[in-house]
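Starting off with a structure, shown below.
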Amino acid sequence: MEPLEDNKWKNIFWMLGYSTVIGLLLAVFSFIPGLIRFVFSLGALLLGIRFFGKYDSIGLRIGMIVLSVIFIVFFIMIGVIIMYANGMLDEVPA
């Protein structure tokens with residue numbers, strides 16, 4: 001395997017990692033009340049800035065944003081399912 005291909009897969013791996021953590025932080029932001037929730041939002045923002053500073057490729061940047069949105073939706077769905085199963089949600093919205 002050429003070093004260039006290895007570098008490509010490494011960059012994709014890091015993009016997935018950053019996207020997963022950013023998605024998780026923003027999903028937690030949506031569940032926690034109070035001012036402490038903004039710490040999670042700030043953490044996601046700082047990770048996004050760090051990723052954009054480290055990787056210059058437009059494809060990786062767009063991929064990170066799209067995957068982050070997908071992970072946000074996924075983690076919120078998982079959180080709502082867990083909350084509903086534990087009886088934390090009294091009514092299901094119509």
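Which listed residue (Ala85, Phe71, Ile36) has the Cα farthest towards the positive end of the charge dipole for the chain, taking +1 on Lys and Arg C-beta and -1 on Asp and Glu C-beta about the Cα centre?
Ile36
Ok, one more. Simple spin-label model, 7 Å along Cα-to-Cβ: Asn11 to Ile70 in nm?
Taking the simple label geometry, Asn11 and Ile70 are separated by 1.8 nm.
For the chain, what does the helix formula give at 222 nm: sum of -39500 (n - 2.57) over DSSP H segments with n ≥ 4, over the residue count, nearest 500 deg cm²/dmol?
-28500 deg cm²/dmol
Ok, one more. ³J(HN,Hα) across the stretch 24-29 via Karplus (A = 6.51, B = -1.76, C = 1.60, θ = phi - 60°), whole Hz, x for Gly/Pro?
5, 4, 6, 5, 5, 4
Values quoted throughout were computed directly from the atomic coordinates according to the rules given, and no laboratory measurement underlies them. All of these numbers come straight from a predicted model, not from anything done at the bench. Note that each Cβ is placed from the backbone with ideal geometry, even for glycine, and that neighbours are counted across all protein chains shown.
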